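Inspection log for the structure reproduced underneath, given as structure tokens.
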Amino acid sequence: MHKCNYGRVTPATNTNFWQTKREGNVTRDKRNLRKLRKEGWKVLVIWECQTKNSEKLISKLRGFLDL
């Protein structure tokens, strides 16, 4: 999970459902990332909030792609 608060606001209704769903998503994502890396994949996660600054995004992509 990243540290940005964008999209992290828990809805006022059905809070237990949303908390459980988010925790499940984090667990699933960690498991999937571990599996991909174990299989030799190089993985880059980009959050929506990271796409707002194109210069930083391009720099991150170039670094990831070794350009």
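The values are calculated or read from the model by the stated rules, or taken from the named source; none is laboratory data. Since the model is a prediction, treat every value here as computed from it, not as a measurement. Because the Cβ atoms are built from the backbone with ideal geometry, glycine has one as well, and the counts that use them run over all protein chains shown.
Tabulated data
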{"read-out": "Which numbered condition residue 22 fails, given (1) surrounded by 11 or more Cβ atoms within 10 Å (Cβ to Cβ); (2) within 18 Å of residue 64 (Cα to Cα); (3) of a type outside the set (S, T, N, Q)", "value": "(2)"}
{"read-out": "Total residues in the range 29-46, condition farther than 26 Å from residue 8 by Cα and part of a loop (DSSP other than H, G, I, E, B)", "value": "4"}
{"read-out": "Subset of the range 34-67 [acidic (Asp, Glu) and either under 23 Å from residue 5 (Cα atoms) or modelled with pLDDT under 95 (or both)]", "value": "48, 55, 66"}
{"read-out": "Residue match in the range 10-25 (condition: touching a Lys or Arg at 6+ places or on another chain (Cβ under 9 Å) and either among the small types (Gly, Ala, Ser) or modelled with pLDDT of 95 or more (or both))", "value": "no"}
{"read-out": "Test set (1) among the charged types (D, E, K, R); (2) under 24 Å from residue 65 (Cα atoms); (3) within 17 Å of the chain's Cα centre (by Cα) - residue 28 fails condition number", "value": "(2)"}
{"read-out": "Qualifying position, being part of a loop (DSSP other than H, G, I, E, B) and touching a residue at least 40 places away in the same chain (Cβ under 8 Å), among 4, 49", "value": "4"}
